[in-house]
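The structure appears right after this line, and notes come after that.
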Amino acid sequence: MKSLLTSLLFILISTFVFSQEKNIFDIARKGTLLEIETIYKENPTIVNTVDERKSSPLILACYRSNAPVALFLADKVADLNYNSGMGSALMAAVMSGNVQIVEKLIAVKSDLNQFDSQGKTALIYAVFFNKNDIAKLLIQAGANKNQKDSDGKTALDFANFNKNTELIILLDQ
């Protein structure tokens, strides 16, 4: 009887553990480097899938500032510049404010001037959210300071709106 109860308990626990297994999108959001390496080893193409919102694992890792996973994925994905319509991995990294991820995406040649459905670029988002250090990195890497969004506004327009003197000087050069 005790053996039967132990077996049943083991089956219940096993079922619960396996039903709680993380998928690629969960790992991208809050998983570990070991988890992403393991799932990648099992199926390397899984890093190129998108969820129901058209977000890639790289975009999710960048948006959630999951640096170990984002840095890993930046070297593995087929399309570093995949754009969900809501933006790219670089834009997501800018929004999260993670300098380390932004530096990595610049280093692996992410498209600095790609825009989202509103015409906003990574630089425009950096300026809009007053992320001065990231804006400087993007400009030094060659981001177009004069690119306009769908409302006809440039990064300088947003710096002026925010009264961000440091960025106004940087963008007005």
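The values are calculated or read from the model by the stated rules, or taken from the named source; none is laboratory data. Bear in mind that the values here come from a model prediction, so they are computed numbers and not experimental data. Positions of Cβ are generated from backbone atoms using ideal geometry, with glycine treated the same way; all protein chains shown enter the neighbour counts.
Computed quantities for the displayed model
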{"item": "Conditions (1) assigned to a loop (DSSP other than H, G, I, E, B); (2) of a type in the set (S, T, N, Q); (3) without any contact (Cβ under 8 Å) to a residue 24 or more places away in the chain: number failed by N113", "result": "(3)"}
{"item": "Helices (runs of 4 or more DSSP H) lying entirely in region 119-173 (those with 1 or more residues that are without any contact (Cβ under 8 Å) to a residue 24 or more places away in the chain)", "result": "132-140, 155-162, 165-171"}
{"item": "Candidates L167, L105, L138, filtered to the one that is hydrophobic (A, V, I, L, M, F, W, C) and assigned by the TED database to the domain that holds L60", "result": "L105"}
{"item": "Residue match in region 27-42 (condition: exposed (fewer than 13 other Cβ atoms within 10 Å of the Cβ) and not in a helix (DSSP H, G or I))", "result": "no"}
{"item": "Condition check for L73: assigned to a helix (DSSP H, G or I), under 27 Å from S150 (Cα atoms) and outside the structural domain of Q147 (by the TED database)", "result": "no"}
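So that you can scan it fast, the table gives a plain yes or no per residue for (1) in the same structural domain as S56 (by the TED database); (2) modelled with pLDDT of 55 or more:
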{"site": "S3", "(1), (2)": "no, yes"}
{"site": "L9", "(1), (2)": "no, no"}
{"site": "I13", "(1), (2)": "no, no"}
{"site": "F25", "(1), (2)": "yes, yes"}
{"site": "K30", "(1), (2)": "yes, yes"}
{"site": "L33", "(1), (2)": "yes, yes"}
{"site": "I36", "(1), (2)": "yes, yes"}
{"site": "N43", "(1), (2)": "yes, yes"}
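Residue-by-condition table, conditions (1) without any contact (Cβ under 8 Å) to a residue 40 or more places away in the chain; (2) touching a strand residue (DSSP E or B) at 6+ places or on another chain (Cβ under 9 Å); (3) surrounded by 17 or more Cβ atoms within 10 Å (Cβ to Cβ):
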site: E52; (1), (2), (3): yes, no, no
site: D75; (1), (2), (3): yes, no, no
site: N81; (1), (2), (3): yes, no, no
site: M91; (1), (2), (3): yes, yes, yes
site: G97; (1), (2), (3): yes, no, no
site: V102; (1), (2), (3): yes, no, yes
site: S117; (1), (2), (3): yes, no, no
